[in-house]
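Colleague: Just dropping this structure here.
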Amino acid sequence: MSTEPPQYPPPPDDDNDPFRKQPPQPPQDSGSGSPYGTPPPPPPPYGGSGGGDPYGGAGDPLAGMPPLAESGKRTLARILDMIIVGVVVWLLSWAFGTNEFDVDPDEVEYGKSFGQSLLAAVLYIAYDTFMISRTGQTLGKKWLGLRVANLNDGATPTLQTALVRAAVLWLPFAFCCACIWTAICGGWSFFDKPYKQGLHDKAAKTVVVSTG
């Protein structure tokens with residue numbers, strides 16, 4: 001009888017296991033300028049400080065970001081968007097028989113329709129929220145080379161951020177003030193420093209920048 005121990009196949013090589021954690025690699029000396037050294041981590045897309053609190057954090061959140069948009073171009077873009085959505089509101093109001101003003105042939109009486117104002121506010125909020133959360137641009141902003149961006153990192157606003165921004169701008173439209181509030185909210189950017197924010201931008205912590 002042989003006294004040699006039984007032979008077993010070698011264990012599988014763990015280095016080929018894709019689910020096995022790999023040991024950390026030793027750091028490379030990048031100070032010598034070697035082309036094989038570990039490169040430094042890339043900077044954040046906007047802002048040298050990597051974001052932080054846009055209202056009191058260290059560093060300038062606008063560093064590395066495209067220039068802020070002119071308030072006049074922002075106003076023109078908003079007017080274009082209001083025309084686009086306003087046409088849709090008018091067509092729906094006409095289709096469902098909801099008129100902004102009821103006119104009596106004998107006695108002219110103007111009664112504001114809450115239904116139409118609510119419809120307009122809902123459509124404006126939906127339009128703004130959808131477009132801004134996708135690309136940061138409504139049609140008016142796209143045509144004029146503008147984009148909405150997060151103040152802290154320059155990224156496209158999330159759906160929640162875009163909703164907050166749109167609601168602050170358009171929700172009062174259905175209940176009071178109508179265009180007066182919209183003008184005040186958006187016109188705030190003419191006087192705001194240093195970020196040229198409207199009141200809706202301040203609520204959502206966003207800015208509008210140029211893309212051209």
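Please treat every number below as a calculation from the coordinates, not as lab data. Every value quoted in this text rests on a predicted model; they were computed, and no experiment measured them. For neighbour counting, all protein chains shown are included, and Cβ atoms are generated from backbone atoms with ideal geometry for every residue, glycine included.
Colleague: What percent does the relative contact order of region 120-201 come to when contacts are Cα pairs within less than 8 Å and at least six residues apart? Can you show the working numbers first?
Modeller: Numbers: 95 pairs, mean separation 22.5, N = 82.
Value for region 120-201: 27 percent.
Colleague: For Thr158 and Ala183, FRET efficiency with R0 = 30 Å and r from the beta-carbon atoms, rounded to 0.05? Each step should come with its number before you reach the end.
Modeller: Values: r = 27 Å, r/R0 = 0.90.
Here the calculated transfer efficiency is 0.65.
Colleague: Also, I was wondering about something else. What ranking do 181-188, 163-170, 137-144, 86-93 get when scored by the average of other Cβ atoms within 10 Å per residue, highest first? Show your work: numbers first, answer last.
Modeller: Values: 181-188: 17.2, 163-170: 21.5, 137-144: 19.2, 86-93: 14.1.
Result, highest mean first: 163-170, 137-144, 181-188, 86-93.
Colleague: Do the alpha carbons of any pairs in Lys73/Lys142; Lys141/Lys193; Lys142/Lys205; Lys73/Lys196 sit beyond 18 Å of each other, and which pairs? Walk me through the numbers before you get to the answer.
Modeller: On the way: Lys73/Lys142 11 Å; Lys141/Lys193 21 Å; Lys142/Lys205 21 Å; Lys73/Lys196 12 Å.
Among Lys73/Lys142; Lys141/Lys193; Lys142/Lys205; Lys73/Lys196, the Cα-Cα distance tops 18 Å for Lys141/Lys193; Lys142/Lys205.
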